[in-house]
Amino acid sequence: MFASSPSPAHATDLAALHHMAREFTEGFNSGDVDRIMRFYGDTYVDINLRHPVQTKAERRQYYLDVMQRRGIRIDVHPDAIVIEEPFAFVRGTIVIIAPDQSHSELRYLEILRKSADGTWLVTWGMDGPVQEYTPST
């Protein structure tokens, strides 16, 4: 993270990464898979899947299936962003809103790579349910 204010370049990158989260939320909730997929590279590694390496076309189909089957809405919140060019690490929370309006939370971690044209593309990711933990005394 930063000891002082981020440089203008880092501020631009941070804004772009926050924008990606908003666009992902809107794209997912509206069923616009193309709005989501513009942020993915040619391959994506989804650590949660048994066969984690997906082509862009396979990832696109994955999102189509999830959006059509589950009837859920999401809200994505990046909680921390660390930029070590050409990579960025984004840790955050995904609130899942079920059709009955109940909520659950996932934590996610994504690794992005900055492309030659300056755009960020998601290349690796994982998510999992938030777990309560209290240390034993």
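The values are calculated or read from the model by the stated rules, or taken from the named source; none is laboratory data. Note that the coordinates shown come from a computational prediction; the quantities given were computed from them, not determined experimentally. Please note: Cβ atoms are built from the backbone with ideal geometry, for glycine as well, and neighbour counts cover all protein chains shown.
What single numbered condition from (1) free of Cβ contacts under 8 Å to residues at least 24 places away in the same chain; (2) within 18 Å of Tyr108 (Cα to Cα); (3) touching a Lys or Arg at 6+ places or on another chain (Cβ under 6 Å) fails to hold for Arg50?
(3)
What about Met37, is it in contact with a Pro (Cβ under 9 Å, 6 or more places away or on another chain) and either under 18 Å from Val122 (Cβ atoms) or at pLDDT below 95 (or both)? Give the derivation first.
Values: in contact with a Pro (Cβ under 9 Å, 6 or more places away or on another chain): no; either under 18 Å from Val122 (Cβ atoms) or at pLDDT below 95 (or both): yes.
So Met37 fails the test.
Does at least one position in the stretch 17-28 carry a residue that is more than 14 Å from the chain's Cα centre (by Cα) and in contact (Cβ under 8 Å) with a residue 12 or more places away in the chain?
Within the stretch 17-28, the subset more than 14 Å from the chain's Cα centre (by Cα) is none.
No - not one qualifying residue is present in the stretch 17-28.
Looking at Val82, Val45, can you tell me which residue is part of a strand (DSSP E or B), surrounded by fewer than 14 Cβ atoms within 10 Å (Cβ to Cβ) and either modelled with pLDDT of 95 or more or within 15 Å of the chain's Cα centre (by Cα) (or both)?
Working: Val45 fails: surrounded by fewer than 14 Cβ atoms within 10 Å (Cβ to Cβ).
When all the criteria are applied, what remains is Val82.
Considering each residue of the stretch 77-88, count those that are in contact with a strand residue (DSSP E or B) (Cβ under 9 Å, 6 or more places away or on another chain) and under 12 Å from Asp13 (Cα atoms), and give that number.
Initial filter on the stretch 77-88 (in contact with a strand residue (DSSP E or B) (Cβ under 9 Å, 6 or more places away or on another chain)): 77-83, 85-88.
From what is left, the residues that are under 12 Å from Asp13 (Cα atoms) are 81-83, 85-88.
Residues meeting the conditions: 7.
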